[in-house]
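Notes to accompany the following structure.
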Amino acid sequence: MSRAALLLLADGRFPAGGYAHSGGVEAAVAHGAVHDTDSLEAFCRGRLHTTGLTTAGLAAAAAAGCDPLLLDDAADARTPSPALRAVSRRLGRQMMRAARATFPSAELERLAAERPRGAHQPVVLGLAARAAGLAPVDAAQAAAYESAGGPATAAVRLLGLDPLGVSRLLARLSASTDNVATSAADAAVRVEIEGIDALPSASSPLLDITGEQHAAWTVRLFAS
């Protein structure tokens, strides 16, 4: 297992396309729900414990060797918004391209062949982590961190926030991020006994609603 591989997967500069997406914060800024560092922290904390927990569970299960096609169907069921399902698959295609080049594996090749239009991003992330020799909790850690780090970085661009203050915000969320990753990895272990329903399915209805609204905008800075 290589900690450097985990850092690479979690790095915003890894060419998986995440920098073009705001994780819902662009719509939240437009609605006035996020307008400063404190409201951004509340947004990121909420996203971490809902979308973040769910995607971390999927990533951990993929890294643990669960059937990626079954997990892809589970991701569909846990993403009620058609717009956000399309975003997740688009990000999955981009993650797949980067992962196949960086961590070649037969499992990634098989999923790419089975899902030519793109598998869900957390499933591909988990397989990439598995190919890199990482543990399920590492895949969960990368997914959980992205769920808060992506919106936080986007908010700096959208609102002109002090990046040092946003870095402090992410540091304050570090314990919660660790807890979410651990919970997600524990759930992935239970899949073998309890089935796919053991994975988290935390929901964030407002993100689903604003995700649909954002997809209809004609002018926007981020793809989602």
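Worth pointing out:
- Of the residues making up the stretch 58-70, not a single one is in contact with a Phe, Trp or Tyr (Cβ under 8 Å, 6 or more places away or on another chain), open to solvent by 30 Å² or more (accessible area, probe 1.4 Å) and not basic (Lys, Arg).
- Qualifying residue in the stretch 165-173 (condition: among the small types (Gly, Ala, Ser), more than 24 Å from residue 87 (Cβ to Cβ) and in contact with a helix residue (DSSP H, G or I) (Cβ under 9 Å, 6 or more places away or on another chain)): yes
- Checking the stretch 158-169 against the condition returns no match, with no residue being within 16 Å of the chain's Cα centre (by Cα) and modelled with pLDDT of 95 or more.
- Number of the condition not met by residue 109 [criteria: (1) modelled with pLDDT of 95 or more; (2) under 16 Å from the mean Cα position of the chain (by Cα)]: (2)
- Restricted to helices (runs of 4 or more DSSP H) entirely inside the stretch 90-177, those with at least 2 residues that are touching a residue at least 60 places away in the same chain (Cβ under 8 Å) and open to solvent by less than 30 Å² (accessible area, probe 1.4 Å) are 121-131, 136-159, 163-172.
- Members of the stretch 1-36 found to be of a type outside the set (A, V, I, L, M), open to solvent by less than 40 Å² (accessible area, probe 1.4 Å) and not in a loop (DSSP other than H, G, I, E, B), listed by number: 18, 26
- Evaluation of residue 188 against (1) exposed (fewer than 13 other Cβ atoms within 10 Å of the Cβ); (2) assigned to a helix (DSSP H, G or I) (one fails), failing number: (1)
- Test: residue 46 is in contact (Cβ under 8 Å) with a residue 60 or more places away in the chain, over 29 Å from residue 167 (Cα atoms) and either more than 12 Å from the chain's Cα centre (by Cα) or buried (at least 24 other Cβ atoms within 10 Å of the Cβ) (or both): no
- Count of residues meeting criterion [closer than 19 Å to residue 71 by Cα, at pLDDT below 95 and outside any loop (DSSP other than H, G, I, E, B)] in the stretch 198-224: 0
The values are calculated or read from the model by the stated rules, or taken from the named source; none is laboratory data. Just so we're clear, the structure is a prediction, and the values are computed from it rather than from any experiment. Neighbour counts are summed over all protein chains in view; Cβ atoms, including those assigned to glycine, are modelled from backbone coordinates with ideal geometry. The accessibility values were calculated without ligands, DNA or RNA, using every heavy atom of the protein model including side chains. Shrake-Rupley method; radii C 1.70, N 1.55, O 1.52, S 1.80 Å.
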